[in-house]
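Some notes on the structure that comes next.
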Amino acid sequence: FFFFPHLPGPLHSVPIKATVGVARLHTPRSLMAISFSCKSGETVSKLIPLKNAGNIPIDVQLKASLDCFSVTPNALHMDPNEESEVNIRFSPSVIPQTFEDFLMIHVQPVGPDYEIKLRGITEAEKLLAEVEKKSAKGMLACNKRALYWGGVQPQDSELQKLVLHNSFPYQLPIRISIREPGSPFEVQCVGEGVISSAQVVTIGPKEQVSLHVVFTPSATAVYLNALDIHDTTHNKRYKIPLCGYGGTSCVKVLNVDRSTDEQGFWVNMRDMVVGQPTVLKLTTHNCGERPAFVRVLCCPVGDHSHALPKTRASVSPDTFILPAHSMQELQVLYHM
């Protein structure tokens, strides 16, 4: 305070407040040095118990210098006799190495600072094994590049098979999934049940696994999707395109009679004259839901692998597209 004889009182006053007590933080003596061990790319953590052993509230701040060490939470408020825990994580990301650091603990108000030694070691043996694994020669092979379904009746199912082969000298975990869920495609791993979403199948060294892809269309439409195959060991992804048609064509020949053995049909050519062509007219009807590509051949009886020469028998038209629910008339010329 500053007083002057000619002034009635002090120039200014400052309020003063004092807190009686001690700021003290306790940690177990066994944790004054903490060691970690893991391989590169992994994370390990340890919990450190803290206790406010003083008789006044304190604010604690915690920090490590190296990026491979982190602490959560890095700040907390503690009342007298309150206990809490902090989590210290070690996450190395480089070649085998030993990391040393200190966890700095700063206590306010006017509290002492604490240091806890941190030591982290990357496991060289595991890292070398990973390096050897990734450098080993081999491949993940599939016997199909794409899967196509020419036409499946709605609500019916049709499956196709593909095989994955692991030529590496170690097992491969493979994540398999249909790219767009909810589509009419479903993948099944033989012997392991249905895989309806992304799941992992393990293929042993030099072994193979069979997959069934089931197509069950719900309507007359074209469906496109893809089978995703993810080699998690080498972080490689493969795509098998899937294409399926819902609905089928159904072509019938009208005005013909079924043979007695139920193995085919026949038609009466009526009177035939040697040297003159006999004309026969037939009608084809597509009673299905999708267009049909139709090709007509005249073959000898019992031999469907060879066509008769056109000088003997011919059909017009012999190749055509027959839309759904439509008809096409055919003219057959036969020469005796």
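Values computed for the structure shown
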read-out: Any hit, the stretch 65-82, residues being in contact with a Phe, Trp or Tyr (Cβ under 8 Å, 6 or more places away or on another chain) and either among the charged types (D, E, K, R) or closer than 18 Å to A23 by Cβ (or both); value: no
read-out: So E262, is it surrounded by 14 or more Cβ atoms within 10 Å (Cβ to Cβ) and modelled with pLDDT under 90; value: no
read-out: R295 surrounded by 12 or more Cβ atoms within 10 Å (Cβ to Cβ), touching a strand residue (DSSP E or B) at 6+ places or on another chain (Cβ under 7 Å) and of a type in the set (K, R); value: no
read-out: Residue list for the stretch 261-320, filter: touching a Ser or Thr at 6+ places or on another chain (Cβ under 6 Å) and either of a type outside the set (A, V, I, L, M) or farther than 30 Å from Y245 by Cβ (or both); value: W266, M269, M272, N286, G288, E289, R290, R295
read-out: Evaluation of S65 against (1) touching a Leu at 6+ places or on another chain (Cβ under 8 Å); (2) closer than 16 Å to D113 by Cβ (one fails), failing number; value: (1)
read-out: Hits in the stretch 136-149 (condition: touching a Leu at 6+ places or on another chain (Cβ under 8 Å) and assigned to a loop (DSSP other than H, G, I, E, B)); value: N143, K144, A146
read-out: Residue within the stretch 226-238 that is over 20 Å from V209 (Cβ atoms) and in contact with a strand residue (DSSP E or B) (Cβ under 6 Å, 6 or more places away or on another chain) present; value: no
read-out: Residue in the stretch 185-197 that is under 18 Å from Y238 (Cβ atoms) and modelled with pLDDT of 90 or more present; value: yes
read-out: Residue list for the stretch 99-118, filter: out of contact with any Gly (no Cβ under 6 Å at 6 or more places or on another chain), farther than 25 Å from A53 by Cα and either modelled with pLDDT under 80 or surrounded by 15 or more Cβ atoms within 10 Å (Cβ to Cβ) (or both); value: D101
read-out: Candidates K63, K51, filtered to the one that is open to solvent by 50 Å² or more (accessible area, probe 1.4 Å), under 25 Å from P109 (Cα atoms), in contact with an Asp or Glu (Cβ under 8 Å, 6 or more places away or on another chain) and of a type in the set (K, R); value: K51
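The values are calculated or read from the model by the stated rules, or taken from the named source; none is laboratory data. Since the model is a prediction, treat every value here as computed from it, not as a measurement. Glycine gets a Cβ as well: all are built from the backbone with ideal geometry, and neighbour counts include every protein chain shown. Only protein heavy atoms, including side chains, enter the accessible area calculation; ligands, DNA and RNA are left aside. Shrake-Rupley method; radii C 1.70, N 1.55, O 1.52, S 1.80 Å.
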